[in-house]
1. Determine whether region 74-88 contains at least one residue that is under 21 Å from Tyr132 (Cβ atoms) and in contact with a helix residue (DSSP H, G or I) (Cβ under 7 Å, 6 or more places away or on another chain).
2. Determine whether region 57-64 contains at least one residue that is farther than 30 Å from Val192 by Cα, open to solvent by 70 Å² or more (accessible area, probe 1.4 Å) and at pLDDT below 80.
3. Criterion first (basic (Lys, Arg), modelled with pLDDT of 90 or more and out of contact with any strand residue (DSSP E or B) (no Cβ under 9 Å at 6 or more places or on another chain)) does Arg68 satisfy it?
4. Can you tell me which residue among Ile7, Ile84, Ile49, Ile93 is within 22 Å of Thr143 (Cβ to Cβ), part of a helix (DSSP H, G or I), of a type in the set (Val, Ile, Thr) and open to solvent by 30 Å² or more (accessible area, probe 1.4 Å)?
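The values are calculated or read from the model by the stated rules, or taken from the named source; none is laboratory data. None of the values given here were measured: they were computed from a predicted structure. For neighbour counting, all protein chains shown are included, and Cβ atoms are generated from backbone atoms with ideal geometry for every residue, glycine included. The accessibility values were calculated without ligands, DNA or RNA, using every heavy atom of the protein model including side chains. Shrake-Rupley method; radii C 1.70, N 1.55, O 1.52, S 1.80 Å.
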Amino acid sequence: TLLNTLIREIEVLGNAFGAMGNVFVSLFQALLYFGVPFYISWQVTSVSILTAVLFSLPFMFLGKMSYRFGRLNIQTANRINQVIQESFSSAKIILGFANQYKSTEALRHAFDGHRDATIKSQTLDVAIPLMYYPLGVLMLIITVFVGQSLSLTLAELSVLVYSLFRIIPTVGQIIAKKNAIDNFFPSYEQIVRLRDRAKQLKQPTGNRMFVGFDKEIKINNLCFAYPGNEQILAN
């Protein structure tokens, strides 16, 4: 878990902060794009925004699925790093007992599990903006009908539709980044758990400085035995 956190999860968490920054930038861009449609017709733009929000609601519920895929992804990443680390650290023992096949099978099994988890996670991340695009086009069609019913000129309607068309990818990216943050959250949780665990395991220390000793360190009457075994040292 510690190795995987240092190798992969810290980078994943950095990407999550980048995604959060992209969300704020995309929201700012969307607000700027909405300025022109509001100037032309606030009624049509309001209908378009309401339609876009309604179309976005189903994607918001995908957050739990993204979180679940993210947690599965980090668990399988921990496992594959565990198998690799154990195989390298025990290489002589594995070769000595001719257990290479077991070792490679364990690695193959761990890799297959991580691959399946990653494919699900990345597929959802890529699919969300693509799935939203046809719904955005449907929003534009609704906008055209509402604009015609309010007797907008062809020039006004063209500018309004073009502005809203530029917003569709931005809204799709906002939804995608929101789900990506849900997917990254298990990495943050693992880092926090390790940090809290490290605080619990911090070794206590006094305030007296060690400056050396004059003659020797002497230990009397020392006994030792491993649990359930005979004494190794006696007095």
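1. So in region 74-88, the residues under 21 Å from Tyr132 (Cβ atoms) come out as none.
No.
2. From region 57-64, those farther than 30 Å from Val192 by Cα are 57-58; that's our starting set.
Checking the rest, the ones that are also open to solvent by 70 Å² or more (accessible area, probe 1.4 Å) come to 57-58.
Going one step further and asking which of them are at pLDDT below 80, we end up with 57-58.
Scanning region 57-64, I find at least one residue that is farther than 30 Å from Val192 by Cα, open to solvent by 70 Å² or more (accessible area, probe 1.4 Å) and at pLDDT below 80, so the answer is yes.
3. Values: basic (Lys, Arg): yes; modelled with pLDDT of 90 or more: no; out of contact with any strand residue (DSSP E or B) (no Cβ under 9 Å at 6 or more places or on another chain): yes.
For Arg68, the condition - basic (Lys, Arg), modelled with pLDDT of 90 or more and out of contact with any strand residue (DSSP E or B) (no Cβ under 9 Å at 6 or more places or on another chain) - is not met.
4. Ile49
Residues are listed down the side, and each one gets a yes or a no for (1) open to solvent by 100 Å² or more (accessible area, probe 1.4 Å); (2) touching a helix residue (DSSP H, G or I) at 6+ places or on another chain (Cβ under 6 Å); (3) not in a helix (DSSP H, G or I):
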| position | (1), (2), (3) |
| --- | --- |
| Leu164 | no, yes, no |
| Gly172 | no, yes, no |
| Ala176 | no, yes, no |
| Pro186 | no, yes, no |
| Ile219 | yes, no, yes |
| Leu222 | no, no, yes |
| Gly228 | no, no, yes |
